[in-house]
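Each remark here refers to the structure printed beneath this line.
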Amino acid sequence: MSEQITYYSTNRGLAGLSGIIPFRETVSFREALLMGQAPDEGLFMPERIPTLPLETLKALKGKPYTEAALLVAEAFLAREIPGETLRAIVEDAYNYPVPMESVLARKYVLRLDQGPTASFKDFAARLMARLMSVCREPGKRLNVLVATSGDTGSAVGEAFKGVTGIDVTILYPRQEVSGRQKKQLDTIGGNVRAVSVAGKFDDCQNLVKQAFSDPAFSGFNLTSANSINFGRILPQTVYYIWAWAQLTRDGEPAVFSVPSGNFGNALGCEYARRMGLPVERLVMPTNENDAFPRFLETGVYEKVSPSRACLSNAMNVGHPSNLARFFDLYGGTVDRSGVVHRQPDLAEMRKRIYSVSITDRETKKTIKRIHEQYKVLLEPHGAVGWRGLEVYLELFGDVPLAISLETAHPAKFPTEIRTLLGINPDLPPALKDIDSRSGRPTLLANDYGQFREYLLKKLQIAG
């Protein structure tokens, strides 16, 4: 068995810069999971990325999704969590289908919208909740803080609902979630609290990050279920590996198109490639929050502030948190505020990644055109992913295998689908009773002092 993997902070090299005291220690997966982010506001990264032989990946063909999830989990966690515990966790987390829909020759949509909240976030949240339950110290209550632009909050809330010893506080931007997403967030209840913030997603994310670095909360066992937590990234490597294994014919590489907002989903593909998955190119389409495609084109990073409100609302992110991890993987450093301290290897990044900004107008046209031509139903995020793949193929030519991710169920966006296509998308089982649920959020201003006071009143330490 190989040595235990330890984790370091992306800000470890920022001595004397930005007033940050670098965190130069390494921690275990358990510590990284429960801490959420490093004390210096950096994000935890594995010091070593385990590799899997190509034949091992190909052998997943025809196997259930849980076998791919167990393979990845054991590669990272075998030295910290017993194999039988990992298998039990994985089999409990993934008890729903993962369909792949053929659109045209060797071009597929990977539908990640069949989980309990009809979002790709279910894949990460369900495994993460079970890992936290196993890893938490008995008698100590965990307090999970989550900022959401739409689907993260409901996926995390449902995954943690009723889990002993864990409370969850979810912040969402009041005017930038769909009606159905708001209903999901406000009505989870129990140990899950919803906070409606008068601001943007980036504001919610900054409130959470400020709480993590506030000494007042040092004894409250704060952790994050956002993709700043590596426990969210690890499960998101799995579906790239599993989908490729089902669809490959001769081990040919695939192009993956991943609609990208906070970049955690695309990061899962980047890690899968570094583990040995044959990835021809990672396509990362954004909506009109175009800081990353502009950076790849010009080499100059300028965050979008304030973020732009687009149809694909879960991607309304002006400065993606996981950009720090992408920079680190390519030899660079960017901090929480968007300041670049060291440029990544831009030539290598351009070789591996392509990014393009897709407008709302293009998004709408794609939803209509793909439904009319292929009878495939996409929602705004999936449409951004598909259009990004089309742009890539137009520029670089056809490829043997291409997979575009659909990250939310179209029924979560009934108004947009009805307006564009004149149909009401059928509700998946996970959303059947959503309109009959009741619940109210706490309303807060975009003010850290107010959020701090709220947390000090609500959080518990023991339990």
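The values are calculated or read from the model by the stated rules, or taken from the named source; none is laboratory data. These figures come from a predicted structure and were not determined experimentally. Every residue, glycine as well, gets a Cβ built from its backbone with ideal geometry; the counts of neighbours run over all protein chains shown. All accessible areas refer to the heavy atoms of the entire protein, side chains included, with ligands and DNA or RNA removed. Shrake-Rupley method; radii C 1.70, N 1.55, O 1.52, S 1.80 Å.
Values computed for the structure shown
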read-out	value
In sequence order, calculated HN-Hα J values of region 344-355 (Karplus, 6.51, -1.76, 1.60; Hz; x Gly/Pro)	x, 6, 5, 5, 5, 4, 5, 5, 8, 10, 10, 9
The chain pair-distance distribution - Cα-Cα, 10 Å bins, rounded %	4, 22, 34, 28, 10, 1
Descending Cα extents along the principal axes, region 328-463, whole Å	57, 50, 30
Radius 9 Å from Cβ of Asn287, net charge of other residues (Lys, Arg +1; Asp, Glu -1)	-2
Region 374-395 and region 1-63: distance between their alpha carbon centers, rounded to Å	32 Å
For region 237-389, the Rg and Dmax computed from alpha carbons only, in angstrom	15.6, 47
Debye log10 I(q)/I(0) for region 285-353, one point scatterer per Cα, at q = 0.17, 0.23, 0.24 Å⁻¹	-0.58, -1.02, -1.09
Accessible area in square angstrom per residue, the chain, 1.4 angstrom probe	36 Å²
Gap separating the Cα centres of region 146-205 and region 98-140, nearest whole Å	17 Å
Distance histogram for region 2-82 (every C-alpha pair counted, 5 angstrom bins, percent rounded to whole numbers)	3, 14, 20, 17, 15, 12, 9, 6, 3, 1, 0
For region 187-198, 3J(HN,Hα) per residue [Karplus equation, 6.51 cos²θ - 1.76 cosθ + 1.60, θ = phi - 60°, Hz, x = Gly/Pro]	10, 5, x, x, 7, 10, 10, 9, 10, 8, 9, 7
